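What follows is a set of notes on a single structure, which appears directly below.
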């Protein structure tokens with residue numbers, strides 16, 4: 001399997017990263033055994049890095065997938081904690097639930113933070129401290145803001161970035177795809193490892209998946225791409241495309257007809273607005289006391305589902 005260097009971290013990974021968000025309760029709620037089997041299939045086919053987060057609820061899937069696996073695998077997670085204590089608790093839980101003594105990457109999960117270095121300064125300090133304790137190998141930043149990565153380029157503490165980027169710029173909160181591509185390239189020149197997300201804009205670009213994936217992987221500075229995958233067919237097709245730039249037309253024509261859907265159980269919505277505040281794409285509003293989605297803006301990230309106190313939102 002083709003390997004790429006993740007910036008100057010010393011990590012050598014496959015260009016396809018397994019994104020576990022769709023497996024967890026924010027999206028499909030796939031049973032642990034079923035999700036673990038998919039992750040294990042990807043690892044056995046050559047994937048070497050798995051991406052998760054405190055919010056995703058997929059640590060059990062990953063731990064079962066790794067049970068008995070002897071190959072190389074790197075684990076990246078994220079903390080959305082706003083305080084040092086929360087961040088430490090999230091890292092400790094990840095270590096415990098994944099059965100690890102050290103995490104390869106822990107990102108500040110700052111999707112809606114234009115300046116995480118001001119808004120999460122204490123969190124960054126705590127992650128750096130935990131790196132010193134040997135619990136984290138590399139500190140990273142995950143965001144939907146161009147400004148955040150422009151700032152990250154000059155911060156030596158950030159070694160890996162996980163930016164939102166796609167051909168249309170959908171989901172970028174403060175600029176265009178070209179703006180984000182420029183920020184990514186600057187981070188790469190500064191030695192940061194880069195693995196991108198949302199190449200398919202949460203499924204909105206699925207009908208042009210091959211072109212969309214190729215666009216992101218060809219951007220200067222992008223080392224790898226994280227994709228959420230829900231079938232062996234998706235894993236195999238994405239591996240072939242990312243590793244060798246080849247694609248089976250019949251398989252992809254089938255895959256490019258798939259689309260996930262956003263669902264709100266409106267009859268039970270109490271109109272609290274928590275989902276509106278959590279939405280990273282400004283796709284949610286309250287109308288008549290009920291949450292409504294603008295599907296033209298929604299990137300199917302599922303963060304609103306985590307914020308809903310009544311558990312009324314799913315991506316299916």
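Kindly put 259, 45 in sequence by how many other C-beta atoms sit within 10 Å of each C-beta, fewest to most.
259, 45
How much of the DSSP bridge set in region 1-150 is antiparallel, in percent, rounded to the nearest 5? Walk me through the numbers on the way to the answer.
Numbers: 2 of 17 bridges.
Of those bridges, close to 10 percent are antiparallel.
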Figure the gain on full extension for residue 2 and residue 211 (residue separation times 0.36 nm, minus the Cα-Cα span) and round it to one decimal in nm. 73.2 nm
Rounded to whole Å, √(5λ) for the Cα gyration tensor eigenvalues of region 24-71, largest first, gives 18, 11, 9
Region 1-31 residues near the modelled residue 297 label - backbone nitrogen below 13 Å, point 7 Å along Cα→Cβ: none
May I have the extent of the alpha carbons of the chain along their three principal axes, as whole Å values ordered from largest to smallest? 53, 50, 40
I need the P(r) histogram for region 262-315: all alpha carbon pairs, bin width 10 Å from 0 out to the longest distance, whole percents. 29, 64, 7
Of 149, 18, 69, which is the most mobile in a GNM of the chain whose springs link Cα atoms less than 10 angstrom apart? 69
DSSP beta bridges in the chain, what fraction antiparallel, as a percent rounded to 5? 25 percent
Compare 274, 177, 243 in a GNM of the chain, Cα atoms joined below 10 Å, and give the one with the largest fluctuation. 274
Once you have a ≥ b ≥ c as the square roots of the Cα gyration tensor eigenvalues for region 189-297, tell me rounded if a/c is under 1.5, and otherwise prolate or oblate according to whether a/b is larger than b/c. oblate
If each of residue 287 and residue 258 carries a label point 7 Å out from its Cα toward its Cβ, how far apart are those two points in nm? 3.0 nm
Between residue 34 and residue 93, the two model label points (7 Å from Cα along the beta-carbon direction) sit apart by a distance in nm of 2.4 nm
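Averaging the inverse of every distinct alpha carbon separation and then flipping it gives the Kirkwood radius. What is it for region 84-211, in angstrom units?
Details: mean 1/r = 0.0660 Å⁻¹.
Value: 15.1 Å, from the Cα pair sum.
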For residue 272 and residue 82, extending 7 Å from Cα along the Cα-Cβ vector and measuring point to point gives, in nm, a value of 1.5 nm
What value, in deg cm²/dmol to 500, does the helix sum -39500 (n - 2.57) over DSSP H runs of n ≥ 4 give at 222 nm once divided by the residues of the chain? -10500 deg cm²/dmol
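So between residue 310 and residue 232, what do we pick up on full extension, going 0.36 nm a residue minus the alpha carbon distance? Could the numbers behind the result be given before it?
Values: separation 78, 0.36 × 78 = 28.08 nm, distance 3.26 nm.
That pair, residue 310 and residue 232, stretches by 24.8 nm at full extension.
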Using alpha carbon centroids, what distance separates region 1-37 and region 73-125, in Å? 17 Å
Would you mind ranking 156, 176 so that the residue whose beta carbon has the fewest other beta carbons within 10 Å leads the list? 156, 176
Evaluated at q = 0.18, 0.21, 0.22 Å⁻¹: base-10 log I(q)/I(0), Debye formula over Cα of region 1-138: -1.05, -1.33, -1.40
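Throughout, read-outs are computed from the coordinates displayed, never taken from laboratory work. Not measured: the values here are computed from a predicted model. Cβ atoms come from the backbone with ideal geometry, glycine included; neighbour counts cover every protein chain shown.
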